[in-house]
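First the structure, in the form of structure tokens, and then the observations on it.
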């Protein structure tokens, strides 16, 4: 019972009683039933007639109908890529870790000065960091190759 004595569809412990549409799945079950009924009522001929009507309306100048028909038949148009512009930051050629450090410093300075927006700065810094990882990997490979060569030389002397 509710606060004014009306039946709220719950028992004395506050649980939903049998046949009460409340609780989890109640409204969803009803929406599912309505969707199923609509699917059963609408035939492929109905859909074709609706598309023909929307096409006719689009041809008569109805912009919304044009968009509906084109989006449903051709798919949504891809968004045009944004125009890119030079950032106006002079960066060194990224050959060493020090060059990368200098470049990141210049990007941060430009960001703080307001000459580069945050998204562009983030993109450039990520590119610089990627280049730095490649430089570090290359240097590591060179050091490893040198160690292997030294180890072969030392091993050869012992024999």
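Determine if the stretch 89-96 includes at least one residue that is out of contact with any strand residue (DSSP E or B) (no Cβ under 6 Å at 6 or more places or on another chain) and modelled with pLDDT under 90. The answer is yes; a qualifying residue exists. Across the stretch 56-76, not a single residue is classified as in a loop (DSSP other than H, G, I, E, B), in contact with a helix residue (DSSP H, G or I) (Cβ under 6 Å, 6 or more places away or on another chain) and surrounded by 10 or more Cβ atoms within 10 Å (Cβ to Cβ). In the stretch 1-25, the residues that are at pLDDT 55 or above form Cβ pairs under 7 Å with partners that are loosely packed, with under 10 Cβ neighbours inside 10 Å, at six or more places apart or across chains, as follows: 8/2. Please find, among 85, 90, the residue that is exposed (fewer than 10 other Cβ atoms within 10 Å of the Cβ), without any contact (Cβ under 8 Å) to a residue 24 or more places away in the chain, in contact with a helix residue (DSSP H, G or I) (Cβ under 8 Å, 6 or more places away or on another chain) and within 30 Å of residue 129 (Cα to Cα). Checking each option against the conditions leaves just 90. Filtering the stretch 100-119 to residues that are crowded, with 17+ Cβ neighbours inside 10 Å and under 14 Å from residue 85 (Cα atoms) leaves only 116. Of the residues screened, residue 86 is one that is out of contact with any strand residue (DSSP E or B) (no Cβ under 7 Å at 6 or more places or on another chain) and modelled with pLDDT under 90.
Within the stretch 49-60, residues that are farther than 14 Å from residue 72 by Cβ have Cβ atoms under 9 Å from residues that are outside any loop (DSSP other than H, G, I, E, B) in these pairs: 56/65; 59/65; 59/66, counting only partners at least 6 apart in sequence or on another chain. Checked against the criteria, residue 103 counts as in a helix (DSSP H, G or I) and more than 26 Å from the chain's Cα centre (by Cα). Pairing each residue of the stretch 121-137 that is under 13 Å from residue 93 (Cβ atoms) with any residue that is not in a helix (DSSP H, G or I), provided the two are 6+ apart or on different chains, yields C-beta distances under 7 Å for 128/94; 131/94; 135/96. In the set (1) modelled with pLDDT of 80 or more; (2) closer than 30 Å to residue 123 by Cα, the condition left unmet by residue 71 is number (2).
The values are calculated or read from the model by the stated rules, or taken from the named source; none is laboratory data. If you're wondering where the values come from, they're calculated on a predicted model, not measured in any experiment. FYI the Cβ positions are ideal-geometry reconstructions off the backbone, even for glycines, and counts take in every protein chain you see.
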